[in-house]
Amino acid sequence: MPKVTIVGISKPLEIPSGTSLQELQFEQDVLPFGCCSAACGTCAMEVLSGMENLNPKSEEENDVLDNIDENGHKRRLACQCILTGDITIQPL
Ligand code: FES
């Protein structure tokens, strides 16, 4: 199973390939979530490695990330990400 390493959390989490990172909302104090529909930006995160292991961004996700930071190319909305391999992320 792919590993999700989160800066500041000692043990990587494992979730099945093809699973949405939205599942992390059920882990305590890992990432904050709000709307879960690419509208609020609460779940924005920096992807430190493994960007290739996530699905492509939708237009809606790009619009939200553009409003958060002009360097949105390394950022993703966790609620919109489908995991296919290991990643390392940092909550914003
Ligand atoms: S929780 Fe609102 S954009 Fe992800």
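Being touching a helix residue (DSSP H, G or I) at 6+ places or on another chain (Cβ under 6 Å), at pLDDT 95 or above and either of a type in the set (A, V, I, L, M) or within 15 Å of the ligand (Cβ to nearest atom) (or both) is a property that Ile87 has.
Here is a check on your reading of the model: is Cys43 farther than 17 Å from Gln90 by Cβ and within 10 Å of the ligand (Cβ to nearest atom)? When the stated conditions are applied, Cys43 does not pass them. What are the pairs, 6+ residues apart or on separate chains, where a residue within the stretch 7-20 that is in contact (Cβ under 8 Å) with a residue 12 or more places away in the chain has its Cβ under 9 Å from a residue that is loosely packed, with under 11 Cβ neighbours inside 10 Å? Qualifying pairs under 9 Å: Ile9/Asp29.
When Leu48, Leu77, Leu31 are screened for being over 9 Å from the mean Cα position of the chain (by Cα) and in contact (Cβ under 8 Å) with a residue 24 or more places away in the chain, only Leu48 passes.
Which strands (runs of 3 or more DSSP E) sit wholly inside the stretch 9-92 and have at least 2 residues that are of a type in the set (A, V, I, L, M) and surrounded by 14 or more Cβ atoms within 10 Å (Cβ to Cβ)?
Filter on the stretch 9-92 gives 44-49, 87-91.
The values are calculated or read from the model by the stated rules, or taken from the named source; none is laboratory data. In this text the structure is predicted, and so the values were computed from the model without any measurement. With ideal geometry, Cβ positions are generated from the backbone for all residues, glycine too; neighbour counts draw on all protein chains shown.
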